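Taking it in order: structure first as structure tokens, then the write-up.
Here, each number is a calculation from the coordinates, and none is a lab measurement. Since the structure is predicted, the reported quantities are computational estimates derived from the model, not experimental observations. Neighbour counts run over all protein chains shown; Cβ positions are idealised from the backbone, glycine included.
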Amino acid sequence: MSGAETRTGVTGNTPLTYAQLLEANNAIQICGDETYWLCVTRTVQGSKLFPVSAYILLSYANAFYRYPEVLRKIEKNMRAEDVADRCRGIGMKVQAATMGWCLPAFYLLGREWLLSLGLLRPQDAAEDIAYVMDFWRRFELGWHRNNGHINNAAYGHRSQILPNRRLEVFKADIFPCVPGEPLHEATLGFLATVSQYAFLTACECRLNTANTGPYKLDDDQEMLVRDFMDMGESSLPWLDGVTADITYNNLTVTMAARGCHFDILDDWGSFESKPEFRGEMLSGVGLYTSDLLTDGHVPVGMGSPEELTATLNKITEELKVAMNKLWLRMADWSRDQLMDAGALMYYASIKDIAHVAGCFEVSDWLEIDPRAERLRPILNDEYADLALGELVGYLTLPNQVMSPFEMMKHSNKPQRVLTPLPLSILAGEDYVPTVGPIQPGSTTLDPKNDRYNTTRGTLTLAEYNQAVRDYTPESLTPKYRFLCETWVKYNAHTELANELYKIDQRNSRTLKGRGTGKGPV
């Protein structure tokens, strides 16, 4: 995007204020610091099939040109903080990784790459940038409302977002297991298969898997809540047909571990433990499904250890069959199809917030914008690998270099990942306020079938959007929505608190109808 190219026909909105620019730059810096830490401390991603670096860069450009408008469209239906409330207690693709990091990072890294190419000035798209950062901040504060942090990094790399009432159910209903038992073996087999399956469905990246926690169960056990998402016919067109027999689009595993402490759960949803977690440390398991049409997590096969064992084995076989079909489909793709699928997987990592607002449209999320498409010719493997490495690791691009007196967080080098907005805008410096509306895009992939796997069966997109708009989970009705953890602490003895707890206990095998246990029931 050059200044001359986008200035034509662009109409600015309300002028930016000093406070808005300061808040935007603070959000940019928070994202930049965490991006560097993640990219230099986590494992390197690679693939023998997908051109990963190339599709990542294409996704970044697509995000820069499209995120502002798709977010504004969402907020015409539901504000960012309300979206966070709607999806905080379900296992959909609205997680720490997608919203806490992907949303701001993909958008800002797209901007940074365009800056390095000379297609953008630091002040351009200023109103878009301030808006995207404000949307992110409001969503994150809503998502983390139970702990008050803005992302996992601010919480010492923890992701404890669920309320006490949900965690009580998870703990009470989890089935203990030990190595050698059928449930233990079925769980390990399922986790190995579903992890491999989720990696493939996400075009050999980790965006279909998430972890939250850790949560302390007792002096020797901690629990992770592991989500596996978009496993069936969902918003990803390459899953159409090959995953028609997948029963559950989203699955949540409550996983207890004994003898280790999960000391890191970062903004990519990755975890580390001391000592390193091994299969024999698994001490308990539970299984649930959820989506926008459920009020929280619904148990799957949780009637008995034997039922859960059989359920895990059945789902494992479903996944293996679908995975073989998907391999055959992807193996026949051209390079452009591989790039499109990977780029759309990354770009559309935040797509479920449009489902939350009941305004998902295929053209918004499953097309490459022509302004991003024009960059495809330079994205050979050699250039893409080098450019991505410079952008998120080496930080030697001219736009990433700071004053020689400064020392970056985590490296002490005079560099920064992301460029702030210049405050000179307030003094009247010329700038382009926005990239403008979404332009009609394209894709080399097959069109998306009008089929969406939900807990109410397979729906058309129109039916799905309408069902979401018509449904409000009881826990989010005005009577209960703002009964936060602080309120519960001081009002656990009241009938209203009992009612709130009973909502989460409806499907519990052990706690149904118990309430808080501290007042009239």
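Odds and ends about this structure:
- Annotation: amide H of Leu293 within the under-5 Å range of Thr455, sequence separation 5 or more or interchain, hydrogens built in the peptide plane.
- Relative to the Cα centre, the charge distribution of the chain, modelled as +1 at Lys and Arg Cβ and -1 at Asp and Glu Cβ, gives a dipole magnitude of about 820 debye.
- Multiplying the residue separation of Asn449 and Arg506 by 0.36 nm and removing their Cα-Cα distance gives an extension gain of 17.0 nm.
- Within the range 328-393, all pairs of alpha-carbon atoms sorted by distance into 5 Å bins from zero give the percentages 3, 13, 20, 21, 19, 13, 8, 2, 0.
- The residues Thr193, Thr243, when put in order of fewest to most other Cβ atoms within 10 Å, stand as Thr193, Thr243.
- Shape of the range 300-437 from the C-alpha gyration tensor: prolate (a/c of 1.5 or more and a/b above b/c, with a ≥ b ≥ c the square roots of its eigenvalues).
- Whole-Hz ³J(HN,Hα) from phi, Karplus 6.51 cos²θ - 1.76 cosθ + 1.60, for the range 237-251, glycine and proline x: x, 6, 8, 4, x, 5, 10, 4, 8, 6, 6, 10, 6, 10, 10
- By the helix-only formula, in which each DSSP H run with n ≥ 4 contributes -39500 (n - 2.57) and the sum is divided by residues, the chain has a 222 nm mean residue ellipticity of -13000 deg cm²/dmol.
- Straight Cα distances below 25 angstrom link Lys351 to the lysines Lys73, Lys76, Lys93, Lys325, Lys448, with same-chain residues fewer than 8 positions distant left out.
- With R₀ set to 60 Å, the beta-carbon distance separating His261 from Val321 gives a calculated FRET efficiency near 0.95.
- Three-way shape call for the range 472-521 based on the alpha-carbon gyration tensor, with the a/c threshold at 1.5: oblate
- Contact order normalised by residue count of the chain, Cα under 8 Å, 6+ apart, percent: 24 percent
- Per-residue 3J(HN,Hα) values for the range 370-387, derived from phi via the Karplus relation 6.51 cos²θ - 1.76 cosθ + 1.60 with θ = phi - 60°, read x, 6, 7, 4, 5, 8, 4, x, 8, 8, 6, 4, 5, 5, 4, 4, 5, 5 Hz in sequence order (x marks Gly and Pro).
- Listed values (1) 24.2; (2) 26.0; (3) 62.2, entry calculated as mean projected area of the Cα convex hull in nm²: (1)
- Under 12 Å from the Ser411 label point (7 Å along Cα→beta-carbon), backbone N, the range 370-395: 389-395
- Length-normalised contact order of the range 472-521 in % [C-alpha pairs under 8 Å, at least 6 apart]: 33 percent
- Cβ-based exposure ranking for Asp450, Asp364, Asp266, in which fewest neighbours within 10 Å come first: Asp450, Asp364, Asp266
- Modelled label reach - Arg329, point 7 Å along Cα→Cβ, the range 82-101 residues with backbone N closer than 13 Å: none
- Taking other Cβ atoms within 10 Å as a rough exposure proxy, Asp82, Asp230 sort from fewest to most as Asp82, Asp230.
- Simple spin-label estimate for Asn313 and Lys274 in nanometres, 7 Å along Cα-Cβ: 4.0 nm
- Counting 0.36 nm for each residue step from Phe482 to Gln29 and taking away their Cα separation leaves a gain of 160.0 nm.
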